[in-house]
Structure formats: structure tokens, C-alpha cells
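Student: This is the structure, below, for whatever I ask next.
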Amino acid sequence: SRASFVVRRASESPAGSLRTTDDARLSRRQFLARATYAYAAAGVGLSAYGVWSAERLPAVTRRTLVFDNLPPGLDGLRIAHLSDVHAGIHMSGEKMAAIVAHTNGLKPDLIVQTGDMIDISQQFIPDYVRAFRDLHAPLGVVSVLGNHDRYTGEDAVVKGVRDAGQVFVRNGAHVIEHRGAALALVGIDDPRNWRADDPQDEDLDAALGLTPPPSEAFRILLAHRPGAFDGAAPRRIPLTLAGHIHGGQFYLPVIGWSPGRLITKYVMGHFTQGDSQLYVSRGLGVVGVPLRVFAPPEIALFELRRPSD
């Protein structure tokens, strides 16, 4: 009957009475309020994680890179790749000193830097020099310019790099002899008239014109912007190292997206074209908001190898 139906529904209510429209409206308000608090808490938590991730010591990414044409004397060579220090308000002298000690502790044979040592102001160059003059490797430290180094004043940055005991390469090559083999570190400047994924053909041709041929030296390209890989691969340069993007400083691991994709298709990590390889560092410092979400700072440590038999 109708009466028995109402009684059964009433008995199912937690309070033993029928729910009213006001009760439902109150529940919706409670839901929205709780959702707002939950989103706010998640935002605060994500921001706190981002700040912590940006401030912590860099993670070490270890990779073995195999090349068919690697000379036997370079087999097993260990290279530490640093990029985007951005010495400035978000990169103190103490933190740089810790990064230097961390890098030295990896005991690489060679250290390379792919630009953006300084963040805008020349007042931070002395802090950089004090910290990075302690950076050492048996085959030296070799650096190229980034766009923020240009904004700072390239002549002042180049002097600072050299005062720190590093070799600076500008559209040329630095050749190292190691165990009877030659390694040519080809360095190109950050492009003055930049466009997205610029292959930097003119800079590459200028630098390669001052580089021993592939038959005489194994080539590694040092470039700030990863788009140079699109010029390096057709020229059969075996390895390109770059930075600039910081991994976008924000990465969504589930869908694999980063705002760095708005700048380049080479946001971070390892890429190949034919026999040529590229590694894009997530860098050490930050630009703008000091946050890194799922894109932590890194030191990349590579071991070059010939193919195993």
C-alpha cells in the first residue's frame, strides 16, 4: 500500500525521517565547500612540493650512450653535463658550492656546461666564479653561452667563465686528446635571431669549419637550445648536449605534457635521429617562479661506449 511504502522509505533514512529539499541543498553546499577546501589544500601541497623540488640538490641522471664510431681511446669516457645554473636571486653562492661539490664527487673525466650560467644581472658573476672555480675534472670544464648570458652581458659572462678556470667555446671547437683519441667539443652561441627549434645552420657551419674532420676527431656539439639538434643530425654529429627548457619546470607525468612543448619538441631527456643522439638537461636553476613540479633539477652523467661484441 501507499502507507507501507512511505514507512519503509522513512525507516531507511539515517534520522528515521524523510529528507527535505533544504537537506539536499545543505548537502550540495557542504560538498562544494569541501571540494573547495580540497582543491585549495592540493594547490598548497603542490606548490610546497614545487618549491622543495626547485631548491633541492639536483638528481643525478646516469646514462650509457653507445656509438658505432666511438674511437677505442674514448670507450668508457665519463662526461658530466651541467646546464642553466642561473646564478641569481634563486641560486645562492652556497647552493652553487653544493652543486660543485656534488658534481666533483661523481668523478667525471670531463665536465661541460650548456649555457645560462648567470641570470640577468652581472652582480651575480662573482658568486658564480667563487663557487665554480672549484669545479674540476681531469679533462677540464668546457662551456658555451645561453640566452640569459647574453641578457647579462656576454663579455662579462665569458670573462667570469674564464676566471672560474673553464674553457669557453664560441662557434668553434676545443679538441682534447685522450688515450690516443681526439675528442672535438664543438660549441655554438645562442642564436641572436631566435625562432622555435632553430637548427642554427650558420653557426654550425662556422663552428665545423674550425673543427677537425670526423675521421680525425669524435664530435660532441654543445648548444644551449636543443633545436640545434635538427642541424647537427644531418651533419652526422654523433652527440648533441643542450639545455634551456628546464623540463618546462612543470610536467604532467600521466599525459606526458609540459609547457616546454610550447617552445620546442625537445623538452627534456634523450632523443635520436638516425645515428645522432641528443640529451636535453632539465638544468639546475629556475626562471621566474621558483617552482619545479615533476621536473627536478639534474646533473647528467654519461658514459660513452662502443658496441659490445
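Student: Quantify, in whole percent, the carbon and sulfur part of the accessible surface of the range 151-309 (1.4 Å probe; protein heavy atoms only).
Tutor: Within the range 151-309, the accessible surface is 52 percent carbon and sulfur.
Student: Here is a further query. To the nearest 0.05, what FRET efficiency results for Gln122 and Trp194 with a Förster distance of 30 Å applied to their C-beta separation?
Tutor: About 0.85, to the nearest 0.05.
Student: Let me ask something else about it. I want to check the label-to-label distance for Asn69 and Leu57. Put each point 7 Å from Cα in the C-beta direction and report it in nm to one decimal.
Tutor: Once both label points are built, they end up 3.9 nm from each other.
Student: Please say if the range 178-309 is rounded, prolate or oblate, where rounded means a/c under 1.5 for a ≥ b ≥ c the square roots of the C-alpha gyration tensor eigenvalues, and otherwise the choice is prolate for a/b larger than b/c and oblate otherwise?
Tutor: Working: a/c = 2.12, a/b = 1.54, b/c = 1.37.
It is prolate, given that a/c is not under 1.5 and a/b is the larger ratio.
Student: Determine which aspartates and glutamates satisfy two conditions relative to Lys95: a Cα distance under 20 Å, and not lying fewer than 8 residues away in the same chain.
Tutor: Straight-distance partners of Lys95: Glu55, Asp84, Asp116, Asp119, Asp127, Asp134, Asp149, Asp163, Glu298.
Student: What are the principal axis extents of the Cα atoms in the range 163-224, in Å, biggest first?
Tutor: Largest to smallest, the principal-axis extents are 40, 32, 16 Å.
Student: Using mean Cβ contacts within 10 Å as the protection proxy, how do 301-309, 170-178 order, highest first?
Tutor: The packing order, highest mean first, is 170-178, 301-309.
Student: How far apart, in nanometres, would the label points at Leu252 and Glu177 be if each is projected 7 angstrom from Cα along the Cα-to-Cβ direction?
Tutor: 5.5 nm
Student: Could you let me know the centre-to-centre spacing of the range 198-214 and the range 104-173, using Cα atoms, in angstrom?
Tutor: 21 Å
The values are calculated or read from the model by the stated rules, or taken from the named source; none is laboratory data. None of the values given here were measured: they were computed from a predicted structure. Every residue, glycine as well, gets a Cβ built from its backbone with ideal geometry; the counts of neighbours run over all protein chains shown. Ligands, DNA and RNA are excluded from the accessible area calculation, which covers all protein heavy atoms including side chains. Shrake-Rupley method; radii C 1.70, N 1.55, O 1.52, S 1.80 Å.
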